[in-house]
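The values are calculated or read from the model by the stated rules, or taken from the named source; none is laboratory data. All values derive from a computational prediction rather than experimental measurement. Cβ placement follows ideal geometry from the backbone for every residue including glycine, while neighbour counts extend to all protein chains displayed. For the accessible areas, the whole protein counts, side chains as well, though only heavy atoms, and no ligand, DNA or RNA atoms are used. Shrake-Rupley method; radii C 1.70, N 1.55, O 1.52, S 1.80 Å.
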2 protein chains.
Amino acid sequence: MIQTKLIPRTAEAVEPPMLIKTLLAQSTKYEPQREIIYRDLFRMNYVEFNRRVRQLANVLTDLGVKPGDTVAVLDWDSHRYLECFFGVTSYGVVLHTINVRLSSAQILYTMNHAQDKIVLIHEDFLPILSAIKDQLTTVEKFVLISDKVYTDPIAVGDLPTGFSGEYEALLGNASDQYDFPDFDENTWATTFYTTGTTGNPKGVYFSHRQLFMHTMGLATYVCGYQAVPFSSVTDVYMPITPMFHVHAWGFPFLATMLSTKQVYPGRYEPELLLKLLLKEGVTLSHCVPTILNMLVNSPVANQVDLTRWKVIIGGSALTKGLAKGALELGIQVYQGYGMSETAPIMALSQLNDLERNLPVDEKVDYLTRAGRIAPFIEMHLMDDEGNFVPHDGHSLGEIVARGPWLTQGYYEDPECGAALWKGGWLHTGDVASITPDNWVLIADRTKDVIKTGGEWISSLDIEDLLSQVDGVAEAAVVGLPDERWGERPHALIVQKPGAELTAEGIKSGMQAKVQLGELNKWYVPDRILFVPEIPKTSVGKIDKKRIRSEMKDLILQ
Amino acid sequence: MIQTKLIPRTAEAVEPPMLIKTLLAQSTKYEPQREIIYRDLFRMNYVEFNRRVRQLANVLTDLGVKPGDTVAVLDWDSHRYLECFFGVTSYGVVLHTINVRLSSAQILYTMNHAQDKIVLIHEDFLPILSAIKDQLTTVEKFVLISDKVYTDPIAVGDLPTGFSGEYEALLGNASDQYDFPDFDENTWATTFYTTGTTGNPKGVYFSHRQLFMHTMGLATYVCGYQAVPFSSVTDVYMPITPMFHVHAWGFPFLATMLSTKQVYPGRYEPELLLKLLLKEGVTLSHCVPTILNMLVNSPVANQVDLTRWKVIIGGSALTKGLAKGALELGIQVYQGYGMSETAPIMALSQLNDLERNLPVDEKVDYLTRAGRIAPFIEMHLMDDEGNFVPHDGHSLGEIVARGPWLTQGYYEDPECGAALWKGGWLHTGDVASITPDNWVLIADRTKDVIKTGGEWISSLDIEDLLSQVDGVAEAAVVGLPDERWGERPHALIVQKPGAELTAEGIKSGMQAKVQLGELNKWYVPDRILFVPEIPKTSVGKIDKKRIRSEMKDLILQ
């Protein structure tokens, strides 16, 4: 940092900090009548939403929660979760969004590690709580969340032992007056845990400033550049990525700031998702490929109009096969790239003036890319020696980044934090090339890249090839040790119902491409195995670690 | 500010400051091929623009300009000015945008007060320089700007005495490599002077952070909420408000960040403006009412298609008469509200879901309002005792504001700075009411409001009434002392060519409205005087101070 001349400030002059409450204040400014909807159970406008956010702050204050304390939530995607995004954070309290798909032991670890003081928990997760309650070291109080209050309040029944109240009842009894204070914009706002390949879950964390800036970056990208065209006037938003999963990609903050109509689907049920999508006129969602795959292959998908629906895919790569299937239904698919450590948006598949008008077949090539580098994000590729690799569209390197919304470490894990930020760049662990026009082409996770005969090949590229074979529903490729080549690719395939594929048939199809010079021969997997299901992680990604460890024997048998 | 828990930071972790260079970095990220055009003389794409910005930084560095120094510009709206917006500021130098419409004495005062070190000056302003050059106390070097280099380089001729070079020649000889450094986001970026009613011009100033945030606020407003629908994909921007006038309302920063096609018209010439507008497909401009009036009344306005053109009016109120005239030509008019002290955007005439679909006649009522309070701006009304006045749409008070981009004082004028920020709110000196749905209804400047018989009445309201009388081209109303009532309104009127209005005719028309109960009788001016021209300030506003002082005798004769 060089020395410069700073602006002088009059004693009484005010320059407000950038806080989550600054986003919230926008939500009733122009379109207070727009609605936030929860399943087919509850709807309210933004005035009511703001009232409830203030009531929530009073409920927490009354329960003894002070600025600097941590409040944890276990819930499906709901209006209540959205209220926590704003109501918990807006008076300086940290929101811990618990990943309900982790094992009980991992959830216990994260809750103790984050020092949760109050826990808001949906009744569906009470069994998890029962299993770990005795081992919680910091939690003082529990609040019950139940959907029954919207249909049959009496059925809610008695509170479980040790609970301070039920969410709706507590809100109903709380004052709706609360003056959210100003405080340092670097105040800790949210925290959640990411499960790596080894060791305990690691806690990432974001400040008010970072979430404000993430919202600005997202707004600039989707509203300004129309990467995924979005405006307050025409769009209706429904997340289909859990809110505990990196702030549902930050869209709830953007949608609330813009007072967009929002739909929260609770627990994901394909029929209800489709019903909400049509009934509420949803125009923008984001999800992992698995969910899109499920909807595209749903028997009713052909019978309804999905042409207004834009959906951003992330978490795993969008294959060309799935992208084409969705486009054929009129769904506008895009892809995004990011991770828990990056708030998460680092790239979206933004088409420029030239690409926007390409025929669909050529467009698919772009839409299935990880995305173009997001506004305000600086991204480079780094080799094993820490040198930058050119952005030429083919040289591979680990993606490293800087930007206004990247976690500044792992909570109380200085060693991993230092490794994450080695040399002043956030190391993503993803291997990619970057084109001169800023497209990010993810090759693989550094740990999943297959090193064979001196070449680095991408397990994802082979999965993409396999996904385009008729009859293939899903494919997973891992590298396994090989005496001669170092590593060799091995594939798992899930067949579509009724398909009758054989490993030899698929391999000979690939060999034909090798003969034509379209494919390098080392891409052909040594072995292809058909399985009923591919192991997934808690966030729906292919669990390559598990495939490698548990299935090594099976594959190599 | 309450005490909270801040996020911990790993030693090597980076969170970049928000700088003007962060906006610039966006300009070649997605659409580097889009163009920036200067009159009919010069065009380049964003890659070339970035190259020239870096060359400019090298030119200034070579001339001895260091971070913390001030560089002044006297130019018409040009690509060069845009290069200064980025090239001067991006290495920590302060950009002084000189108001070329001030008197020579005022320009001299501002240049010495701002401690300008280097001056970039268009040849049109050399006569001003000649008059003041000997009295400049801090300027070390001059750079000549000439449009002749684009048509007849030889005609540029010899440099005036004491000049270090000509802009294009210096750029051409400079390296196009420059690594813009990181520095504190509160670094002083721009400064310019506002002429009040008394005393010397006062210097306002803005930091990198403030201009970044102003750009975010503007992007959120025009791209997200579509207050004035704007997107990188479909819009072409041309300012018709000088770039020395509050950063041309901040749009050049937004347009550059979004790599929008931009057109800079140089000195405003109605024929060239119209030609550029049509030839380059301009879709968004902003100007004062005078310019719009000139274009609407231009003989060719009826013969060309202006239906894609959105224009935001500011500086003075957009009258219903002018708004209707523009709408009839298909021009989409909007209004904005702000001032030199506020970067400037504080409001835009954003229509909400309900208002957007109203018939044109009803829409005009909204479009001629000052605007709705801008994103992230907090605005209140204050009475003489410093109490807040309710936002009920009729109670009047002085507009006071807080927000992320308001000047934090006046440079080296602590007394005026303290008055501006008295009580922790920026005092605008504008009297208004605010509706419950955040429309700002400007009544008057505090100093122009007419206090008659215990009532506050707005001189602007009367001007608006008069502007709707057939045959009235322009009207100005001031309050003058009256023994019985304290003050009484007096009007100046410019007639349209061929109109034959009389004071009595206009007054009796107003009296008829009084009879019908549509108007309070104290709104009828005591005297109406017909004049060939209404005195204006350097920025094109009606000069009420001059009207009151110089014309008092004439009116009261």
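Criterion first (among the small types (Gly, Ala, Ser), away from chain A (no Cβ under 12 Å), under 24 Å from B:Phe192 (Cα atoms) and buried (at least 21 other Cβ atoms within 10 Å of the Cβ)) does B:Gly336 satisfy it? So B:Gly336 fits the description; yes. Here A:Lys545 passes the criteria (1) in a helix (DSSP H, G or I); (2) open to solvent by less than 50 Å² (accessible area, probe 1.4 Å); (3) closer than 27 Å to A:Ile291 by Cβ except the one numbered (2).
In region B:507-524, the residues that are without any contact (Cβ under 8 Å) to a residue 40 or more places away in the chain reach residues that are assigned to a helix (DSSP H, G or I) and open to solvent by less than 60 Å² (accessible area, probe 1.4 Å) with C-beta atoms within less than 7 angstrom, at least six apart or across chains, in these pairs: B:Lys521/B:Val514; B:Val524/B:Lys507; B:Val524/B:Met510; B:Val524/B:Val514.
Give region A:207-231 a look and list any residue that's at the interface with another protein chain (Cβ under 7 Å from one of its Cβ atoms), in a loop (DSSP other than H, G, I, E, B) and over 18 Å from B:Lys261 (Cα atoms), or say none. Selection gives A:Ser231 alone.
Of the numbered criteria (1) on the phi < 0 side of the Ramachandran plot; (2) open to solvent by less than 30 Å² (accessible area, probe 1.4 Å), the one B:Asn112 fails is (2).
Within region A:80-114, take every residue that is of a type in the set (A, V, I, L, M, F, W, C) and either within 14 Å of another protein chain (Cβ to nearest Cβ) or part of a loop (DSSP other than H, G, I, E, B) (or both) and give me the one that is farthest from the chain's Cα centre (by Cα). Among them, the one singled out is A:Val93. Taking (1) within 13 Å of chain A (Cβ to nearest Cβ); (2) open to solvent by less than 10 Å² (accessible area, probe 1.4 Å); (3) modelled with pLDDT under 95 in turn, B:Leu273 satisfies each apart from (1).
The set of residues in region B:20-29 being facing chain A (nearest Cβ under 8 Å) and part of a helix (DSSP H, G or I) consists of B:Thr22, B:Ala25, B:Gln26. Picking from residues in region B:1-19 that are over 23 Å from A:Ala419 (Cβ atoms) and not hydroxyl-bearing (Ser, Thr, Tyr), the one that is farthest from the other protein chains (Cβ to nearest Cβ) is B:Leu19.
Kindly indicate which of A:Pro32, A:Pro8, A:Pro17 is open to solvent by less than 30 Å² (accessible area, probe 1.4 Å) and not in a helix (DSSP H, G or I). When all the criteria are applied, what remains is A:Pro17. Check B:Ser90 against each of (1) open to solvent by 10 Å² or more (accessible area, probe 1.4 Å); (2) closer than 30 Å to B:Trp405 by Cβ; (3) touching a helix residue (DSSP H, G or I) at 6+ places or on another chain (Cβ under 6 Å); (4) hydroxyl-bearing (Ser, Thr, Tyr) and name the one condition it does not meet. Going through the list (1) open to solvent by 10 Å² or more (accessible area, probe 1.4 Å); (2) closer than 30 Å to B:Trp405 by Cβ; (3) touching a helix residue (DSSP H, G or I) at 6+ places or on another chain (Cβ under 6 Å); (4) hydroxyl-bearing (Ser, Thr, Tyr), B:Ser90 breaks only (1). The set of residues in region B:409-426 that are touching a Gly at 6+ places or on another chain (Cβ under 8 Å) and in a loop (DSSP other than H, G, I, E, B) comprises B:Gly409, B:Tyr410, B:Tyr411, B:Glu412, B:Asp413, B:Trp421. Inclusion of B:Thr187 among residues that are at the interface with chain A (Cβ under 9 Å from one of its Cβ atoms) and either crowded, with 24+ Cβ neighbours inside 10 Å or closer than 21 Å to B:Thr307 by Cα (or both) is warranted.
Of the residues making up region A:232-252, those that are within 12 Å of chain B (Cβ to nearest Cβ) and touching a residue at least 24 places away in the same chain (Cβ under 8 Å) are A:Ser232, A:Thr234, A:Asp235. In the set A:Leu492, A:Leu441, A:Leu466, only one residue is modelled with pLDDT of 90 or more, in the same structural domain as A:Gly338 (by TED's automatic domain parsing) and not basic (Lys, Arg); that residue is A:Leu441.
Flag: A:Leu501 does not match the condition of being free of Cβ contacts under 8 Å to residues at least 60 places away in the same chain, surrounded by 15 or more Cβ atoms within 10 Å (Cβ to Cβ) and under 21 Å from A:Leu318 (Cα atoms). In region B:372-396, which residue that is more than 10 Å from chain A (Cβ to nearest Cβ) and either within 23 Å of the chain's Cα centre (by Cα) or in a helix (DSSP H, G or I) (or both) is nearest to B:Arg356 (Cα to Cα)? The extreme case among them is B:Met379.
If I filter region A:480-532 down to residues being aromatic (Phe, Trp, Tyr) and touching a helix residue (DSSP H, G or I) at 6+ places or on another chain (Cβ under 8 Å), which single residue comes out as nearest to A:Asp543 (Cα to Cα)? That would be A:Phe530.
Inspect all residues belonging to region A:284-298 and state whether any of them is under 23 Å from A:Thr234 (Cβ atoms), of a type in the set (Gly, Ala, Ser) and either surrounded by fewer than 16 Cβ atoms within 10 Å (Cβ to Cβ) or over 18 Å from the mean Cα position of the chain (by Cα) (or both). No, because not a single residue in region A:284-298 is under 23 Å from A:Thr234 (Cβ atoms), of a type in the set (Gly, Ala, Ser) and either surrounded by fewer than 16 Cβ atoms within 10 Å (Cβ to Cβ) or over 18 Å from the mean Cα position of the chain (by Cα) (or both). The listed residues are B:Val263, B:Val282, B:Val311, B:Val288, and the only one of them that is at pLDDT 95 or above, closer than 30 Å to B:Leu426 by Cα and outside the structural domain of B:Tyr193 (by TED's automatic domain parsing) turns out to be B:Val311. Test B:Val59 against the stated conditions and say whether it is free of Cβ contacts under 8 Å to residues at least 60 places away in the same chain and either open to solvent by 10 Å² or more (accessible area, probe 1.4 Å) or outside the structural domain of B:Gly266 (by TED's automatic domain parsing) (or both). No; evaluated as a whole, the condition is false for this residue. From B:Ala323, B:Ala301, grab the single residue that is open to solvent by less than 10 Å² (accessible area, probe 1.4 Å), at pLDDT 90 or above and more than 20 Å from B:Pro535 (Cβ to Cβ). After ruling out the rest, the residue left standing is B:Ala323.
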